[in-house]
Amino acid sequence: MYKEIISGLTSFIGKSPTAFHAVANIGAVLRENGYQRLDEGDRWEIVQGGKYYVTRNDSSIIALNIGSKLKDYRFKIAASHSDSPTFKIKENAEIQVKDKYMKLNTEGYGGMLCAAWFDRPLSVAGRVIVREGERYAARLLCVDRDLLLIPNMAIHMNREVNNGYAYNKQIDMLPLIGGSECKKGDFKKFIAKELKVEEGDVYGMDLYLYNRMAPSVWGMNQEYISCPQLDDLQCAYTSLQGFLQGEDDGAVNVFACFDNEEVGSGTKQGAASTFLYDILYRTNLSLGKEEEEFYRGAARGFMLSCDNAHAVHPNHTDKTDENNCVYMNEGIVVKSHAGQKYTSDALSIAVFRGICEDAGVPLQFFSNRSDMVGGSTLGNIAMSQVSMNSVDIGLPQLAMHSAYETAGVKDSYYMIRAVRRFFESHIEALPVDLLP
């Protein structure tokens, strides 16, 4: 059971080195399960009982499973994100060093652990815009071989590195790609050759470094999984599986995966954009319903904001809250924050607790130490566009934002079961009267 799920997860991550690839692979899975693609620029004809999906910027995706018996319907949403911290290749990327080396000029995307990127095989992936006659076409690129490496500096040249070192992304983190035979212009020629197009037809590139290390299942009892991009492709994959398995005739079930969470979500395809609102509002209109019904559907709705959480570190137990701390392989995490970086409140926690009890899934609770600043996620950002009850959940992991992260083997199974139960459940988390 766990083995099959982990195999599916690692296969998905292995084929998804960038947000563009993750969304393309999610789209392929949706089509295999009978979902029809809609384009934002077209007129929509949506029917009850239909299954649809929409992408924006090739890097965010929303899927809709329309109930066949909609009356006083509601939206039920599971949202995650498609991006992970990495290094983006700049437009004029080639830097020659004394005519002996060629390295690429990059900049950091998101808040990564820099040290994890050194001395490991890397390659290049992303989206390339190619001119085809009078039109431009987006082409996915994934160079499937070891291509680059960011070499560490020997300890003899930096004796104090183990006492703490501030990595400079413009100096320390640039990857080596070739030797003296590499010349200016070779990188673009290489990209064109990989795509089997003419160099002059390459008009734009969104390219990133990705880690080539294979996933590993390890531990005395094979209880841990390590691989790149567990944050947040583990949640994207498991929430997708739960979405595909769950059915509710009286609701519009929604799977959403947004780009750019790692850099604040403030893009046209991020959680702060109108993407979610646009899709839900247009769905309501296309179903022939009035505007009032859209707002009622949102008010009756519920969202799971799915993004991984920090497990207790075995060497740094003091970094987590004394009581609200979580462990790998012990269940889904509910995240709370007094400053509202997470959407969870008493009502949404109660609803999700009931869902997990019905699904037979263990639940854990996470809060940051009160004297430490934690991260944030997409839930409260998305809810600024479409307001409904929401709970922030995730799966516990170690080394978040490393190039190689670690999670528990059992927890992916727990997430699929809970999300499936969520999409099967009749949920109307309307306000309750407070007792006097």
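Would it be correct to say that Lys183 is in a loop (DSSP other than H, G, I, E, B) and either surrounded by 11 or more Cβ atoms within 10 Å (Cβ to Cβ) or touching a residue at least 60 places away in the same chain (Cβ under 8 Å) (or both)?
Values: in a loop (DSSP other than H, G, I, E, B): yes; either surrounded by 11 or more Cβ atoms within 10 Å (Cβ to Cβ) or touching a residue at least 60 places away in the same chain (Cβ under 8 Å) (or both): yes.
Yes, satisfied.
Find the residue count for region 30-79, including only residues that are assigned to a helix (DSSP H, G or I) and buried (at least 19 other Cβ atoms within 10 Å of the Cβ).
Of the residues in region 30-79, 1 are assigned to a helix (DSSP H, G or I) and buried (at least 19 other Cβ atoms within 10 Å of the Cβ).
Yes/no matrix, rows are residues, columns are (1) β-branched (Val, Ile, Thr); (2) closer than 15 Å to Asn168 by Cα:
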position: Tyr73; (1), (2): no, no
position: Ala78; (1), (2): no, no
position: Thr86; (1), (2): yes, yes
position: Leu113; (1), (2): no, yes
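Which of the residues belonging to region 332-365 are open to solvent by less than 10 Å² (accessible area, probe 1.4 Å) and within 15 Å of His310 (Cβ to Cβ)?
The answer is Ile332, Val333, Val334, Lys335.
Restricting to region 265-284, name every residue that is farther than 15 Å from Ala19 by Cα, open to solvent by 20 Å² or more (accessible area, probe 1.4 Å) and touching a residue at least 12 places away in the same chain (Cβ under 8 Å).
The answer is Ala272, Thr274, Tyr277, Asp278, Tyr281, Arg282.
For residues in region 387-415 being open to solvent by 20 Å² or more (accessible area, probe 1.4 Å) and of a type in the set (A, V, I, L, M), which is nearest to Asp249 (Cα to Cα)?
The selected residue is Met388.
Of everything in region 228-244, what is touching an Asp or Glu at 6+ places or on another chain (Cβ under 9 Å) and over 13 Å from Gly8 (Cβ atoms)? Give them in sequence order.
Result: Pro228, Gln229, Leu230, Asp231, Asp232, Cys235.
Examine region 216-239 for a residue that is over 28 Å from Val409 (Cβ atoms) and hydrophobic (A, V, I, L, M, F, W, C), and state whether such a residue exists.
No, that holds for no residue.
Among (1) open to solvent by less than 30 Å² (accessible area, probe 1.4 Å); (2) closer than 22 Å to Val351 by Cβ; (3) in contact (Cβ under 8 Å) with a residue 40 or more places away in the chain, which single condition is Glu247 missing?
It fails just one condition, (1).
The values are calculated or read from the model by the stated rules, or taken from the named source; none is laboratory data. These numbers were taken from a predicted model, which means no experiment stands behind them. Counting neighbours? That spans all protein chains shown, and the Cβs are built from the backbone with ideal geometry, glycine included. SASA here: full protein model, heavy atoms, side chains in, ligands and nucleic acids out. Shrake-Rupley method; radii C 1.70, N 1.55, O 1.52, S 1.80 Å.
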